[in-house]
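Comments concern the structure below.
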Amino acid sequence: MGSRSGRRGRRKRRRNCSQIVSQAVNLCHDSLYVELRKWLKERGFNSKFLIPAHFSDTGRGLMAMKTIPGRDLIVSLPERCLLTTQTVLSSYMGEYIKRWKPPVSPVLALCVFLISERHLGARSQWKPYADVLPKTYTCPVYFSDDVISLLPGDLRKKAFDQRDGVSELFSSSLAFVRSLQPLFDQPVEGIFTHDALRWAWCSVNTRTVYMEHPQSPHLSRERDVYALAPYLDLLNHCPSVQVEAGFNKTKRCYEVHSVQGCRKFQQAFLCYGPHDNQRLLLEYGFVAPGNPHSVVYVDPGDLQFCFSAVVEQFSQKLLFLKKHDFLSNLTFGLDGTSWRLMTALRLLSLKPDQYSCWKGVLLGAAVSQDSEERSVHLAQVLCQHLWDENTEALLKISVLKKDAGSTLREQLAVVESLRLEAQCILGYSQEVLRSLQEPVLPSKAVAPSIEEPEKLG
């Protein structure tokens with residue numbers, strides 16, 4: 001198996017976003033952003049040192065026009081600029097939502113309002129914001145079956161679930177949508193289509209900031225924690241950036257403070273959370289290069305494929321691992337094989353005369369040097385299997401890209417990025433495993449208690 005990693009490669013992957021060389025094009029004079037900034041200024045927001053720009057590596061974002069010191073406030077967006085369920089309930093749509101039983105969810109209320117505002121065009125009070133929202137997304141909910149089939153196993157299932165969930169939301173919303181007919185001069189079925197709901201759902205899912213709202217008697221009991229934040233949502237994600245963000249109840253503004261600061265003419269970033277690239281692709285439709293949280297997941301199906309025919313009492317061992325919650329969050333990462341994965345492999349590597357040690361293995365107990373060598377070998381076999389599967393997916397992507405249109409090419413590009421990142425991790429993990437030729441017994445001291453599975457990993 002080849003490798004694209006090593007110490008130099010790992011250092012390169014762990015560079016901060018601020019160190020990535022990127023070319024920027026000022027978008028301040030673009031008519032869409034002129035109108036957006038004018039509209040925001042009328043609502044009390046005016047950003048003089050963060051301007052919209054297009055970056056060669058991340059697309060559009062916000063560029064600092066002066067050096068921002070650490071802990072400084074970089075954005076303070078007045079409440080009037082935020083689009084929340086309260087905005088919707090106070091609008092022309094509010095009375096229809098308040099009368100509808102059973103109550104609609106906060107997400108559906110925001111989605112239906114976004115679709116309506118986009119349809120109203122020049123008559124919309126939110127037109128400057130609606131105009132700068134993406135016209136489409138690269139989230140899996142937009143993917144065809146062929147593209148979803150190129151995703152890793154567990155992510156593939158989540159992608160199908162995401163797509164089915166949006167379809168179910170659309171079906172369940174039809175009756176409510178028809179009640180809105182008096183608001184429009186054309187049939188609502190032509191406005192609130194499945195494509196429109198998919199767009200609105202992605203806009204809410206990818207662009208809202210976390211903001212808790214009081215429970216409304218007019219909405220369902222689902223938590224209402226969403227706020228669309230014009231301009232602020234142009235800030236891109238960087239996993240190494242630290243920010244402090246939240247709604248300031250005293251000033252009635254949503255504020256973002258940069259912990260590290262930002263240099264002049266550099267892109268300012270947010271951090272959406274310590275998410276791995278699979279989570280970023282599923283929820284936001286992109287992959288972060290060099291993501292320090294990136295891992296390659298091992299599914300029970302991978303264990304079945306690699307070991308069912310060669311591991312003694314494989315089915316019983318798998319049931320034991322499942323019973324003790326050791327079949328989830330098994331990963332290869334930037335530091336090689338995770339503790340959870342190696343623990344699972346140590347149990348699979350036990351011979352019949354060592355079965356009394358099963359529970360001790362999960363607690364981190366050493367069994368024998370021979371057992372440890374077998375578990376490292378199982379890790380190598382598993383890593384090679386994932387490498388091969390990843391390589392096959394990359395070859396299929398390469399073939400599909402040849403005749404792909406622009407939309408399909410964008411979708412394939414984000415899946416390809418995920419697979420390339422995984423290939424780097426697997427290559428480095430293989431190097432680590434090869435270095436373990438001198439067997440080292442597992443350390444009991446570092447193992448968490450089996451009674452606390454949430455701390456394992």
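Values quoted throughout were computed directly from the atomic coordinates according to the rules given, and no laboratory measurement underlies them. What you see is a predicted model; the values in this text were computed from it and never measured. Backbone-built Cβ (ideal geometry, glycine too); neighbour counts: all protein chains shown.
Bridgeable lysines around Lys264 (alpha carbons under 17 Å apart, same-chain partners fewer than 8 residues away excluded): Lys48, Lys66. Given the pairs Lys98/Lys157; Lys41/Lys135; Lys127/Lys251, which span a C-alpha to C-alpha distance of over 32 angstrom in this model? Beyond 32 Å between Cα atoms: Lys98/Lys157. Residues Arg198, Arg60, Arg80, ranked from the fewest to the most other C-beta atoms within 10 Å, line up as Arg80, Arg60, Arg198. Placing unit charges on each Cβ (+1 for Lys and Arg, -1 for Asp and Glu) gives the chain a dipole about its Cα centre, and among Ala379, Ser90, Leu114 the Cα reaching farthest toward its positive end belongs to Ser90. Here the 3J(HN,Hα) profile of the range 236-249, calculated from phi with Karplus coefficients 6.51, -1.76 and 1.60 at θ = phi - 60°, is 8, 8, 9, x, 8, 7, 10, 9, 10, 9, x, 8, 8, 5 Hz, Gly and Pro shown as x. About its Cα centre, the chain has a charge dipole of approximately 1400 debye under the convention of +1 per Lys or Arg Cβ and -1 per Asp or Glu Cβ, with nothing else charged. Highest mean packing comes first when the peptides 402-414, 324-336 are listed by Cβ atoms within 10 Å, giving 324-336, 402-414. Cα centroids of the range 71-111 and the range 339-373: 53 Å apart. Considering helices alone, the calculated mean residue ellipticity of the chain at 222 nm is -13500 deg cm²/dmol, with DSSP H runs of length four and up weighted by -39500 (n - 2.57) and normalised per residue.
Membrane-span-like helices of the chain, defined as complete DSSP H segments with a Cα extent of 20 Å or more along the helix axis and a mean Kyte hydropathy of at least 1.0, are identified as 106-120. Total lysine pairs in the range 295-455 at Cα distances under 18 Å, for residues eight or more apart or on different chains: 10.
Each Cα pair under 8 Å and six or more residues apart adds its sequence gap; the mean of these over the residue count of the chain is a relative contact order of 19 percent.
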